[in-house]
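Written out below as structure tokens is the structure these notes cover.
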There are 2 protein chains.
Amino acid sequence: MPRERLVVIGGDAAGMSAASQARKRRDADDLEIVAFERGRATSYSACGIPYWIGGAVGTEQELISRTPEQHRANGIDLRMRTEVVGIDLSSRRVTARDLETGRAYQEAYDHLVYATGSVPMRPLADGFDAPGVYGVQVLDDGRELIAELDSGRVERVVVVGGGYIGLELAEACQVRGLDVTVVNRSPTPIGTFDPDIGAFIADAVANMGIKLVFGQAATSVETGPDGRATAVLTADGTRLPADLVVLGLGVRPNVGLAQAAGIPLGASGGIVVDNRMRTQVPGVWSAGDCVESWHRLSGQRMVVALGTHANKQGRVAGINLGGGYATFPGVIGTAVTKVCDLEVARTGLSESEAEQAGYCFVTAHVDSTTRAGYFPGAKPIRVKLIAEKRSGKLLGAQIAGREGAAKRIDVLATAIWNEMSVDEVLGLDLSYAPPFAPVWDPVLIAARKAFEAVEGDIARDVREGNHG
Amino acid sequence: MPRERLVVIGGDAAGMSAASQARKRRDADDLEIVAFERGRATSYSACGIPYWIGGAVGTEQELISRTPEQHRANGIDLRMRTEVVGIDLSSRRVTARDLETGRAYQEAYDHLVYATGSVPMRPLADGFDAPGVYGVQVLDDGRELIAELDSGRVERVVVVGGGYIGLELAEACQVRGLDVTVVNRSPTPIGTFDPDIGAFIADAVANMGIKLVFGQAATSVETGPDGRATAVLTADGTRLPADLVVLGLGVRPNVGLAQAAGIPLGASGGIVVDNRMRTQVPGVWSAGDCVESWHRLSGQRMVVALGTHANKQGRVAGINLGGGYATFPGVIGTAVTKVCDLEVARTGLSESEAEQAGYCFVTAHVDSTTRAGYFPGAKPIRVKLIAEKRSGKLLGAQIAGREGAAKRIDVLATAIWNEMSVDEVLGLDLSYAPPFAPVWDPVLIAARKAFEAVEGDIARDVREGNHG
């Protein structure tokens with residue numbers, strides 16, 4: 001009989017990373033581990049689903065990094081197709097329901113890891129819950145959507161929302177030869193990019209042949225006699241016929257169960273955790289898309305749904321509840337995506353985020369190439385930097401370009417992480433050879449231009465008497 | 001009549017960056033700028049020459065970022081094909097010789113920028129100065145070598161030295177369909193990589209069909225009746241027939257003129273400069289391949305011949321002598337190259353460099369993929385990290401892999417620059433999406449493994465009583 005029992009709710013990245021780390025540190029005699037997953041798969045790449053739909057990834061299996069059987073062989077009592085429907089914090093018990101048999105039962109815990117991820121945002125307006133309206137979040141959603149697309153019934157797809165997931169799903173449908181329209185409330189897609197970079201993204205999407213209805217909210221979904229979605233209606237009365245509607249409005253933390261149990265949520269809507277991934281309830285941990293993370297630049301707590309954070313946070317929770325010590329040091333909003341052959345990436349604060357956080361700043365951008373300009377395969381890259389007024393501290397960066405452009409964001413993310421000024425960035429010893437970069441890497445040219453902008457701003461303030 | 005005169009010796013990256021920056025800050029009435037270049041081109045990419053030889057770059061012109069005419073239009077009195085043959089520090093005069101007419105003349109200066117670059121290392125042994133033995137450093141060298149290769153007389157090429165330039169030139173000749181052999185003193189190529197990563201490089205070179213004679217020094221060059229090189233002889237008596245011998249032994253700073261004039265050199269053989277690029281002689285500045293730079297990890301001063309440093313140092317010198325303020329913050333030994341389709345990169349200290357600098361360390365490496373494993377086009381990548389014992393401070397990193405692998409070194413270079421520990425690197429918010437990285441970026445997995453190695457080492461010390 002093990003000394004303690006750990007119950008994990010949610011069998012994807014965060015939950016199973018926590019379970020695996022705890023198992024690594026405490027053996028089965030000491031800690032029993034029971035994990036509940038309501039779906040059919042564990043430890044899969046949700047971020048890979050659009051590529052599976054588009055056909056770049058051939059099978060569902062390729063998206064799964066560890067199967068239920070592998071987890072079981074590792075000493076984790078994994079209960080698939082079983083949903084946790086209640087948590088009693090005072091008696092330290094969860095109520096689980098087997099989705100196949102309908103049987104409900106209770107399980108006691110000493111430690112609980114809440115890792116339920118997120119759910120697609122779905123407007124409350126008319127028709128958004130009709131059949132034929134798909135949110136894509138878990139592997140089972142992907143399977144359903146593919147079955148629908150394979151049925152031959154679908155010709156016209158309307159994607160509601162032009163964020164990361166919306167655009168990735170739009171491209172996946174376009175690649176399948178469908179007629180695709182994206183409706184987006186803002187004039188430019190992916191709202192975490194500034195409009196100037198967003199315009200590049202919009203161009204790339206339009207060049208693929210995807211229709212854009214931007215600067216317009218989708219207000220309702222029209223349904224046919226069978227109750228199925230037939231069109232999306234927008235604020236100005238436009239009717240966009242659709243055999244299928246895909247939601248790409250982003251996700252919200254899946255916290256209903258936690259909220260009902262009394263696990264405290266933050267203002268962001270995510271579960272409040274400390275840097276060891278402990279919630280405010282003793283014995284209860286949380287990790288992944290359902291928690292809020294500390295943003296190192298804005299100082300705010302926010303929800304960031306991203307597999308890389310889920311894995312790291314799960315690892316941290318697992319190490320800690322396994323008796324070790326680890327912390328999750330927060331986020332700076334790094335993200336990357338590919339739209340057709342356009343690569344876009346961002347880190348830190350956008351202009352509007354910087355304003356909101358109270359920073360005064362200057363911006364600079366540079367258009368350069370990914371390799372030496374004369375080298376075969378050199379592709380265009382634009383780097384935009386946002387630097388704090390006076391100090392020149394790098395606050396944010398955005399990149400748009402072709403092959404080889406986007407991953408450079410990681411250098412700027414590392415610079416922001418270390419609170420470097422753009423002048424300091426300019427001094428960095430970055431790699432140079434003609435097949436890999438111009439002799440002034442685009443990142444360094446951007447830093448130089450941003451530094452000049454900071455200096456120019458100071459000079460202007462001195463002239464105008466706003467200084468010192 | 002301008003108030004002062006700046007004389008620049010050397011018309012490539014460092015010299016012309018300095019001239020341009022000074023010109024930007026001081027107008028022609030205030031500062032006259034005279035620049036001497038003994039070759040036929042200014043501001044060209046020496047690093048691009050191997051790709052021009054191999055045919056990836058079509059013409060010499062593509063390698064030139066600014067022509068003499070452009071510099072002249074910018075208000076720089078540029079004297080091409082003119083070699084400075086003497087510097088008189090006490091009277092502040094240089095003696096220049098027009099290589100076309102043979103005419104020598106003197107020119108006075110108030111400020112002098114010494115930017116003569118480097119020259120290929122050439123063994124003193126028999127035959128290494130014979131016709132048919134080529135060092136490739138300046139654009140004119142490239143033109144000569146291409147003429148030789150185009151002549152049809154050359155079938156067998158022996159490259160002496162398996163460093164960056166040696167391998168790049170070997171590949172260029174191989175691509176042209178020649179029979180190529182590389183002789184290298186060490187058992188693995190590019191000595192700044194550890195042997196385990198070097199072995200990958202050797203494999204890639206061999207797979208191209210280039211013959212490797214490694215672990216053997218080239219002792220002499222055999223010449224024919226016409227005095228021309230006919231073979232390279234190695235220490236064990238092997239005779240490698242050659243219609244052409246290419247030197248790839250690296251370069252040494254071109255400091256003869258400085259030394260003769262009395263400008264102090266450091267132990268590394270490069271000119272001693274401070275962080276504003278001032279030599280120890282008032283009014284004399286230096287930048288580029290001919291100076292020594294401070295290595296931020298070893299604390300040593302060393303010569304690093306690389307276009308990116310030359311450009312930055314020239315810029316710093318030009319800003320300072322133009323009345324501004326700028327510093328060059330040192331180097332950490334970042335470098336990258338491509339050998340066939342293998343990308344290799346390094347930063348910080350190698351194992352042997354770390355030992356030499358007195359560090360105790362652990363190492364870790366990981367084999368992963370450049371994209372999510374399931375994503376089309378995912379390529380292999382190996383990341384090796386060297387971390388200080390106890391502190392876990394990242395000391396060095398090496399990467400070998402295929403497309404998309406090498407540029408990740410810049411993240412690690414930025415981490416080293418900021419003195420991050422591998423534990424801190426593990427916390428970095430790096431970009432993730434399946435087309436760009438696995439959910440754990442190879443850099444992060446390597447950091448995790450290195451952290452485990454640091455912790456394991458501490459635990460071992462505690463067990464063995466070597467701790468605290």
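All of the numbers you see were taken from the coordinates with simple rules; none came from a lab. Owing to the predicted nature of the structure, the values given are computational and were not obtained by experimental measurement. Neighbour counts are summed over all protein chains in view; Cβ atoms, including those assigned to glycine, are modelled from backbone coordinates with ideal geometry.
Peptide A:303-309 shows a mean partner chain C-beta count of 4 within 10 Å per residue C-beta.
Shown for B:Tyr105: label points 7 Å from Cα along the beta-carbon vector, and their distances to the equivalent points in the other copies, 10.0 nm in ascending order. Its residue count N sets the reference 2.2 N^0.38 Å, and the alpha-carbon radius of gyration of the range B:187-262 equals 1.44 times that reference.
A convex hull fitted around the alpha carbon atoms of chain A yields 175 Å³ per residue.
Under 5 Å from the amide H of B:Ser220 lie the amide H atoms of B:Leu233, each residue being 5 or more positions distant or on a separate chain, with H modelled from the backbone and absent for Pro and chain starts. With R₀ fixed at 51 Å, the C-beta to C-beta distance from B:Glu455 to A:Glu100 puts the FRET efficiency at about 0.75.
7 Å along Cα→Cβ for the label point: how many nanometres lie between B:Val85 and each equivalent label in the other copies, listed shortest first? Here the equivalent label points are 9.8 nm apart from this one. Sorted from nearest, the other copies put their A:Ser352 label points 5.6 nm away, the label point being 7 Å from Cα in the direction of Cβ. Hydrophobic long helices, here whole DSSP H runs in chain B with Kyte-Doolittle means of at least 0.0 and Cα atoms spread over 27 Å or more along the helix axis, are found at B:442-463. Across peptide A:438-445, the average count of Cβ atoms from other chains found within 10 Å of a residue's Cβ is 4.
Take the alpha carbon atoms of the range A:158-214, find their center, do the same for the range A:395-468, and report the distance between the two centers in whole angstrom. That distance is 29 Å.
Peptide B:404-416 is shielded by partner chain Cβ atoms: per residue, an average of 6 of them sit within 10 Å of its Cβ.
Around the amide H of A:Val113, modelled in the peptide plane, lie the amide H atoms of A:Val7, A:Val8, A:Ile9, A:Trp285, all under 5 Å away and 5 or more residues distant in sequence or on another chain. Note on B:Lys393: lysines with a C-alpha under 16 Å away, same-chain residues under 8 apart excluded, are B:Lys384, B:Lys449. FRET efficiency for the pair B:Ala28 and B:Ala125, taken as 1/(1 + (r/R0)^6) with r the Cβ-Cβ distance and R0 = 45 Å, rounds to 0.35. Cross-link partners of A:Lys338 among lysines, defined as those whose alpha carbon lies under 16 angstrom from its own and excluding same-chain residues fewer than eight positions apart: A:Lys379, A:Lys407. Please grab the % of Cα pairs in the range A:352-468 that end up more than 22 Å from each other. Tail fraction, whole percent: 34. Once Rh is set to the Kirkwood radius over Cα pairs, what Stokes-Einstein translational diffusion coefficient, in µm²/s, holds for the protein assembly as shown at a temperature of 37 °C and a viscosity of 0.692 mPa s? Answer from the Stokes-Einstein relation: 108 µm²/s.
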